[in-house]
Structure formats: structure tokens, C-alpha cells
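See structure below.
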Amino acid sequence: MKYTLRQLEIFVAVSREQSVSRAADALSLSQSATSAALGEFERQFNLQVFDRIGKTLRINETGQQLLPRAVELLDRAHEIEALLQGHAGFGHMKIGATLTVGNYLATIIVAHFLHKHPKSRIQLQVHNTSTIVQKIANYELDLGLIEGDCYHADLEVQPWIADELVVFVAPSHPLAKLKQVSIDQLLAHAWILREKGSGTRETFDRAFHNYHARLSISLELEHTEAIKRAVESGLGIGCISRLALKDAFKRGSLVALHTPQLDLSRFFYILWHKQKYQTTGMREFIALCKQMTAGVMRSDLVNLPEIE
């Protein structure tokens, strides 16, 4: 063959970073070596896989056709290398999770996976839904665990477990003692919400789609813990996953409101790129996710056992 795995690795890195210098940093190579390898790769086959726009490289149609095949070949090569080196684990996996899933489920599942397969290595990245989807589409992550809807044509999306948002307030809030709260009563108070692009905000906006103009949003935050603290301080009403509020409700530091007019149900999903080679490690991790939530009706009812 005229090409090498190193050339494919450089091609994939440049396609992700859209920059030779950033790709070189990611691969711990010099910029000149990276640029030379990419140039030689294109000259060998008398084609271009990138369009040059100033200092920016944009993957072209030929490159788009090559990218999933190159990623698959590199994944298979890493599995072969691990086997030849006698590793009992599943090598290196990059998993992305949205904030609620990442903070309250994924970290425990990753811990169990590594307990079962101690020679494996996992990099867990926590971002909002839109960022995870983009990283999966760009082959920057192997798997995603998200709490928002995903309609990306290139991604495989599997429902994982049901989840529910809940509207909540501090015990001292005027609505805290009511047995049932109407939408009009909710609209009369300030809100503390997740940022746009998050799955939580997407579900909230869908539930309030007829009332957006009447909402009084005083603060938008990227982290559920920050929202809980702000609501505890009396700054307004919050709305996040019931999973993230289990302990606060038990302590009594926050109070759930009964809002029968709102549909705040949703699902957590597992996703990956349709054209990406699914390694043994990926299949094992997906199986563990499903095993640990089997038979459970909703995310906050998952009983995650302690690591032995």
C-alpha cells in the first residue's frame, strides 16, 4: 500500500482541527512534519482532501468520503496493537456525556467499567447536548450519552432510559406550600434556567412553547449545581432533572412543585456515528449502560451499586 497509518492519523487529526498546527499539537508532532506528511499523502494519489482557505483547511468531498473509512481503519489498528501487546482491556475510549448524565450516571458507569476492565482507559468529556452531538459527528468522540433530542442524519441514536424534569423552589418561596401550581402562577415569578443548547433547556422550552413571551428569566447557568444553589438562595424557580435533585429533596433544602399542566418528560439517549467502526470496548460499554438501568422506569430510580 502507498499510504501509512501515520498518514491516515494525520489526515484525521487535521480534519478534526481544521488546522495543521493544532493537529500537530494533538499528535505531539512538529508542524513541519505534519504538513510534509499531509502534502506527501496528497501527492502520492494526485488528489486533494482539503480545500485551502487562507490558513484554514476545510475537508472537501473526497476527504469526507475518506474520513469514516480512515477512522474505522485506525480504530481496528488500535485493537490489533492492544492484542499484540497482550492487553486484556479495551484500549482507549472517548465518551461524551451531557451535564446531568455525566454528573449523576456516567461517572458511576465509567467507574464500574474500569473496575471490570482495569487495563482499559476512558476519557470522559462533559458538555451540553449540542456540543456532544457535534463532537460525535466530527469523530472526536466514540460514544455520547445525552439528555436532549438528536436529529443528526449521520448519527445512530438509541433511547436509553426515561427521565423527567421537575420544577422546584426554595422552601421559603411563595409557591412552596401549594399542593398544585398553575402555569399562570409560575409565570408570575423569576426563573433560573440552563443555557440554550442544553437538553434540559430544550425540554423546558418545549413545555413552555406557548408562553415564552411571558417568561421572566433572570439567570441562565451552565451547571445544574449552580442552578440548585441559586434557587436555594431564593433567586427564583428552577427546572432540572429529578435525578439531580434527589438528595436536595431528601434534605428538604429544595421543594418540588406539582405542575400537572406541564409535560416535562424526556429520554436519555446513547449515540454514535453510523459510519464509525464499533469496537469491542464500545459494545461492552453500551451493554453495561443498559445492564445498569435494566427494568428501571425513570433515571432517578436507578440504584447504582457501590464499587466493590
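The values are calculated or read from the model by the stated rules, or taken from the named source; none is laboratory data. The model shown is predicted, which means the values in this text are computed figures rather than measured ones. Note: ideal-geometry Cβ built from the backbone for every residue, glycine included; neighbour counts use all protein chains shown. Areas reflect the complete protein model, heavy atoms only, side chains present, ligands, DNA and RNA absent. Shrake-Rupley method; radii C 1.70, N 1.55, O 1.52, S 1.80 Å.
For the range 185-246, the set of chymotrypsin sites (Phe, Trp or Tyr not before Pro) satisfying both a DSSP loop assignment and a count of at most 15 other C-beta atoms within 10 Å is given as Tyr211. The residue list His92, His223, Gly234 was ranked by how far each Cα lies along the charge dipole of the chain toward its positive end, using unit charges on Cβ atoms, and Gly234 comes out on top. Ranking Met297, Met93, Met292, Met1 by solvent-accessible area of protein heavy atoms (1.4 Å probe, all protein chains present), from largest to smallest, gives Met1, Met297, Met292, Met93. For Arg201, Arg121, Arg76, the ranking by accessible surface with the largest value first comes to Arg121, Arg76, Arg201, using a 1.4 Å probe. In a simple Cβ point-charge model (Lys, Arg +1; Asp, Glu -1; nothing else charged), the chain has a dipole of about 200 debye relative to its Cα centre. Over the chain, the hull volume per residue, using the convex hull of the C-alpha atoms, is 160 Å³. The candidates Thr100, Thr62, arranged from most to least accessible area with a 1.4 Å probe in the full protein assembly, appear as Thr62, Thr100.
Shape call for the range 37-81 from the C-alpha gyration tensor, a ≥ b ≥ c root eigenvalues: rounded (a/c under 1.5), prolate (a/b greater than b/c) or oblate? Here the range 37-81 falls in the prolate category. First check a/c for the range 74-198, with a ≥ b ≥ c the square roots of the eigenvalues of its C-alpha gyration tensor; if it is under 1.5, answer rounded, and if not, answer prolate when a/b is larger than b/c or oblate otherwise. Note, shape of the range 74-198 comes out prolate. For Lys119, the accessible area of its heavy atoms, probed at 1.4 Å with every protein chain present, is near 140 square angstrom. Each of Ser172, Ile108, Phe41 was scored by the projection of its Cα onto the charge dipole of the chain, and the greatest displacement toward the positive side belongs to Ser172; charges sit on the C-beta of Lys, Arg, Asp and Glu. In summary, the helical segments of the chain meeting the span-like criteria, namely a full DSSP H run, a Cα extent along the axis of 20 angstrom or more and a mean Kyte-Doolittle hydropathy of at least -0.5, are 31-45, 61-84. For the range 109-187, chymotrypsin sites (Phe, Trp or Tyr not before Pro) are listed when DSSP marks them as loop and at most 15 other Cβ atoms sit within 10 Å of their Cβ; the list is Tyr151. At q = 0.14 Å⁻¹, what log₁₀ I(q)/I(0) does a Debye calculation on the Cα points of the range 186-308 give, no solvent, two decimals? Normalising to I(0) and taking log10 leaves -0.77. Checking the cross-link pairs Lys116/Lys290; Lys228/Lys274; Lys177/Lys246; Lys177/Lys250 against a 25 Å limit on the alpha carbon distance flags Lys228/Lys274 as lying beyond it.
Divide by every residue of the chain the summed helix terms, -39500 (n - 2.57) for each DSSP H run of at least 4, and state the resulting mean residue ellipticity at 222 nm, rounded to the nearest 500 deg cm²/dmol. It comes out at -12000 deg cm²/dmol, rounded to the nearest 500. Listed by chain and number, the lysines whose alpha-carbon sits under 28 Å from that of Lys55, ignoring those within fewer than 8 places in the same chain, are Lys2, Lys135. Using a Cα-Cα cut-off of under 18 Å, which aspartates and glutamates could be cross-linked to Lys196, ignoring same-chain neighbours fewer than 8 residues away? In chain and number order, the partners are Glu147, Asp149, Asp205, Glu220, Glu222, Glu225. Straightening the chain between Glu222 and Arg298 buys 25.0 nm, computed as 0.36 nm per residue apart minus the Cα-Cα spacing. Between the residues Phe285, Val181, Gly295, the greatest Cα displacement towards the positive end of the dipole of the chain, with unit charges on the Cβ of Lys, Arg, Asp and Glu, is found for Val181.
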